[in-house]
Amino acid sequence: MTLIKSISGIRGTIGGKPGEGLSPLDLVKFTASYATWAKKDAAKEKVKIVVGRDARISGPMVSSIVVSTLTAMGCDVINIGLATTPTTELAVTGENAAGGIILTASHNPKQWNALKLLNSKGEFLNAAEGEKILEIAEAEDFSFVEVDDLGQVTEKDYIDYHVQHVLNLDLVDKKAIENAGFSVAVDAVNSVGGTAMPDLLKALGVKNIVEINCEPTGRFAHTPEPIPENLTEVAETVKNSNVDVCFVVDPDVDRLVIINEDGSMFNEEYTLVAVADYVLSKTPGNTVSNLSSSRALRDVTEKHSCEYNSAAVGEVNVVTKMKETNTVIGGEGNGGVIYPASHYGRDALVGAALFLTHLAKTGLKCSELRKTYPDYFISKNKIELTPEIDVDAILASMKEKYANEKVTDIDGVKIDFAESWVHLRKSNTEPIIRIYSEAKTMDEAVKLAGSIKEDIKTLVK
């Protein structure tokens, strides 16, 4: 059993003893701690909290405990039931709530679930806010209300609200999409995207929708992280389905991955690149992605004579940098599109609508559109160390060794070379260094990672 308590939320495997897995007692403790924080943050004793969940098997059990705990803390609850992460984020502001809890373990397997915590803006908590909730939980510094002060529960469906919100965005062109006559496939890995994505496509005027794994049963049809090695069967289905594009989403629908009409991968790194290309062509401005995302976004941004900035890994860090630099489009290379004209959260529905608009306006096939962007390849590696090794000292030495290159140290050490880069980050839970490298070919990316590994080995001898 596993329970991971972090500033970004609480996640764990279902079952086991309290404190070892995500047990009912842990759910009560951390929900009560969040409610305590939310009331202090709002400076009110009576606050409204939105709760949404993905379609995981454990979802109904987890939701019933979380909702009941919130009412026991005196919070009124807007329970939106099966909902995507971005739907829940939008519901927080739509309801003028003090915060929200998303019950999802994102791309983790079915035995996992989690509490993802939102502030009153429908955005993930920052480090200080997350730390405060962990402190409250550790001290069990919360108190339940008396019977006359119990909160009330209101049930609502926010999917239609989310779909209409996307249609109302200025850069989403329903007419262009409808006129293109697209045939679109969707793989929703049997979670909430199975409802949300087809509903969006129908609203956009797509007449032929091929639904793959769209029953929201929570019994994932394949490993739920939408990366190429988990999508081989889906790609084969797409190849034989005569569709123009396939959208693949993770269980909570904040990541969007695209498969071309011929079954080849558009590449998850290029979802943001393509959407940014379209957005910048209409509304020039700054872009942001995290340090481990492809350089292709920088290239496309500079093509439009705009400025690219990088942020530390993690959605909250990307959002912070986006606000600092007044960014018009940003996100993460895992298929996470953040479009501030909509809201500051990764949103596969927004990404799909903008991408389809872009595809319709270019008149290109999906695979042809991909070929218009520069090719980069990322190799993801790690090097295992012994616990007594000072990882920070190794990273400092690597920074010094490559001081003549462009080095960024806001999140580990990233070294930018003329035609490639490598990003070194230490794990917070085990003695390893993650090594992400990118180059113009996969062979070059692998070779660069190998060279960096050899450098590290010389430092630990």
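The values are calculated or read from the model by the stated rules, or taken from the named source; none is laboratory data. Quick caveat, the model's predicted, so the values are computed rather than measured. We place every Cβ from the backbone using ideal geometry, glycine too, and count neighbours over all the protein chains shown.
Worth a mention:
- Where helices (runs of 4 or more DSSP H) sit wholly within region 166-263, those with at least 2 residues that are in the same structural domain as GLY363 (by TED's automatic domain parsing) and under 27 Å from GLY330 (Cα atoms) occupy 174-180, 193-203.
- Of the residues making up region 88-125, those that are outside any loop (DSSP other than H, G, I, E, B) and among the charged types (D, E, K, R) are GLU89, LYS116.
- Applying the condition of being out of contact with any Ser or Thr (no Cβ under 9 Å at 6 or more places or on another chain) and within 16 Å of SER310 (Cβ to Cβ) to region 415-451 and asking which residue is surrounded by the fewest Cβ atoms within 10 Å (Cβ to Cβ) yields PHE417.
Quick grid of which residues meet (1) crowded, with 23+ Cβ neighbours inside 10 Å; (2) under 30 Å from HIS358 (Cα atoms); (3) touching a residue at least 60 places away in the same chain (Cβ under 8 Å):
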position: GLY94; (1), (2), (3): no, yes, yes
position: SER120; (1), (2), (3): no, no, yes
position: ASP170; (1), (2), (3): no, yes, yes
position: LYS175; (1), (2), (3): no, yes, no
position: SER183; (1), (2), (3): no, yes, yes
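- Qualifying residue in region 145-159 (condition: in contact (Cβ under 8 Å) with a residue 24 or more places away in the chain, among the small types (Gly, Ala, Ser), part of a helix (DSSP H, G or I) and in contact with an Asp or Glu (Cβ under 9 Å, 6 or more places away or on another chain)): no
- Of ILE415, ILE452, ILE378, all but one fail to be in contact with a Gly (Cβ under 9 Å, 6 or more places away or on another chain) and either within 18 Å of ARG298 (Cα to Cα) or not in a strand (DSSP E or B) (or both); the exception is ILE378.
- Among (1) surrounded by fewer than 24 Cβ atoms within 10 Å (Cβ to Cβ); (2) assigned to a helix (DSSP H, G or I) - the single one VAL273 does not satisfy: (1)
- Taking residues in region 403-417 that are in the same structural domain as LYS382 (by TED's automatic domain parsing) and of a type outside the set (Ser, Thr, Tyr), and partners anywhere that are assigned to a loop (DSSP other than H, G, I, E, B) and exposed (fewer than 13 other Cβ atoms within 10 Å of the Cβ), the pairs with Cβ atoms closer than 9 Å and at least 6 places apart or on different chains are GLU405/ALA418.
- Neighbours by Cβ (under 6 Å, 6+ apart or cross-chain): first from region 208-229, hydroxyl-bearing (Ser, Thr, Tyr); second crowded, with 17+ Cβ neighbours inside 10 Å: THR217/ASN190; THR223/ASN230
- Out of LYS5, LYS29, one residue alone is of a type in the set (D, E, K, R), part of a strand (DSSP E or B) and touching a residue at least 60 places away in the same chain (Cβ under 8 Å). It is LYS5.
- Against the test of being out of contact with any Gly (no Cβ under 8 Å at 6 or more places or on another chain), under 30 Å from CYS214 (Cα atoms) and either buried (at least 24 other Cβ atoms within 10 Å of the Cβ) or modelled with pLDDT of 95 or more (or both), the options VAL77, VAL28, VAL67 yield a single qualifying residue, VAL67.
- The residue that is farthest from VAL189 (Cα to Cα), counting only those in region 68-87 that are touching a helix residue (DSSP H, G or I) at 6+ places or on another chain (Cβ under 8 Å) and assigned to a helix (DSSP H, G or I), is ALA72.
- Test for PRO109: is it more than 21 Å from VAL316 (Cα to Cα) and within 23 Å of the chain's Cα centre (by Cα): yes
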